[in-house]
């Protein structure tokens, strides 16, 4: 099978990354050079140049927003953590801001055209929507608090995230509001919408879009009896990559999700992916001010956490890239990142799968529910090759999420040619 590359320098697991890192580096340098000037005209010009590249990548918004519940709504812990922005040796590529966000943004597709983030809800509205937080409306539970299904007066179905009272701290009110305000400005087809919030007394509540059809993790486990094809999994990976790219590159200020994982990816009835749960999200460093990372306590989920972030407490967009690499391995193998009941050498899924990939035995790690065909083998090797880039132990050597989108679309094009 094609797609194998011999590697030259070490990665997280001791397996060398591909020479294709040079293409990632050159892409990043080129992007930085393009964005070296300042002003609104620069942003607009950059937006136009990127629009041509990505024009064919977008699908029209969905017209179905009445979706069942998912446990992903309640999977986060704290909304934010104390942090400071500082300089370090790591460099971050230049970004396209302001008007550029329109490239990745999509119109609100709610039946009732409710604008994301536009509403500061009252307690009366929330209690009415959730039937006074009825246990029958509970759809999720996490470290952050409890999530309820609700219906607003205009008929919009929502998920209401209610923070634990024990988490309330007056010193965190400012951070809570700044986080909500940042998230209220993002809108993308592959991101769960944030409709608004409530902060009153000891209540902190966020109201978000209500999505159907379970999480990606549930579908990988075949909770509904249907097996996701590898083609569908590739489409889902592309959706997720688009969402993270938007957060990193096309928002007014870059946002690091910090908890990319299969249980935080909701699927619509048409199997379009929407990234959910911004409970750990942080604003990234302000590159234009010379800052390169956010120094903050570690947040995230075991198995997906960037080892360099764990070691240095320096958070960058490349931490999301690492998590995405782990997710790619999970998508093609069907296994969770850590499987404690497996044999010792198979317990860390990415380590096991990428070792097999290096040994030209990639097909042995394909989800056994999928057919071992030449086409599937081709896609598997290409995706594992990208995953290997993403989980490099050195963040500078990881691709940007924008580059991940490009690679995944190249894989899809190749598959279409094969068929």
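The values are calculated or read from the model by the stated rules, or taken from the named source; none is laboratory data. In this text, all values refer to a predicted model and were calculated from it rather than measured experimentally. A quick note on method: Cβ atoms are made from the backbone with ideal geometry, for glycine too, and the neighbour counts reach across all protein chains shown.
Numbers at a glance
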| read-out | value |
| --- | --- |
| The lone exception for residue 304 - which of (1) part of a loop (DSSP other than H, G, I, E, B); (2) more than 13 Å from the chain's Cα centre (by Cα) it fails | (2) |
| Residue 360 vs. criteria out of contact with any strand residue (DSSP E or B) (no Cβ under 9 Å at 6 or more places or on another chain), surrounded by fewer than 16 Cβ atoms within 10 Å (Cβ to Cβ) and on the phi > 0 side of the Ramachandran plot | yes |
| Enumerated strands (runs of 3 or more DSSP E) restricted to the range 188-292, each holding at least 2 residues that are out of contact with any helix residue (DSSP H, G or I) (no Cβ under 8 Å at 6 or more places or on another chain), surrounded by fewer than 24 Cβ atoms within 10 Å (Cβ to Cβ) and in the same structural domain as residue 379 (by TED's automatic domain parsing) | none |
| Positions within the range 310-322 being more than 19 Å from residue 381 (Cα to Cα), crowded, with 18+ Cβ neighbours inside 10 Å and at pLDDT 90 or above, in sequence order | 315, 316, 317, 318, 319, 320 |
| Pick from the range 107-137, criterion outside any loop (DSSP other than H, G, I, E, B) and surrounded by fewer than 16 Cβ atoms within 10 Å (Cβ to Cβ), ranking: modelled with the lowest pLDDT | 120 |
| Count of the range 237-274 residues which are closer than 19 Å to residue 309 by Cβ and in contact with a strand residue (DSSP E or B) (Cβ under 8 Å, 6 or more places away or on another chain) | 10 |
| Per-region count, the range 382-406, residues in a helix (DSSP H, G or I) and buried (at least 21 other Cβ atoms within 10 Å of the Cβ) | 15 |
| Every residue from the range 293-311 that is in contact with a helix residue (DSSP H, G or I) (Cβ under 7 Å, 6 or more places away or on another chain) and within 17 Å of residue 254 (Cβ to Cβ) | 306, 309 |
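Quick grid of which residues meet (1) touching a helix residue (DSSP H, G or I) at 6+ places or on another chain (Cβ under 7 Å); (2) within 29 Å of residue 298 (Cβ to Cβ); (3) part of a helix (DSSP H, G or I); (4) without any contact (Cβ under 8 Å) to a residue 60 or more places away in the chain:
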residue: 322; (1), (2), (3), (4): yes, yes, yes, no
residue: 340; (1), (2), (3), (4): no, yes, no, yes
residue: 354; (1), (2), (3), (4): yes, yes, yes, no
residue: 360; (1), (2), (3), (4): no, no, no, no
residue: 363; (1), (2), (3), (4): yes, no, yes, no
residue: 376; (1), (2), (3), (4): yes, no, yes, no
residue: 412; (1), (2), (3), (4): yes, no, yes, no
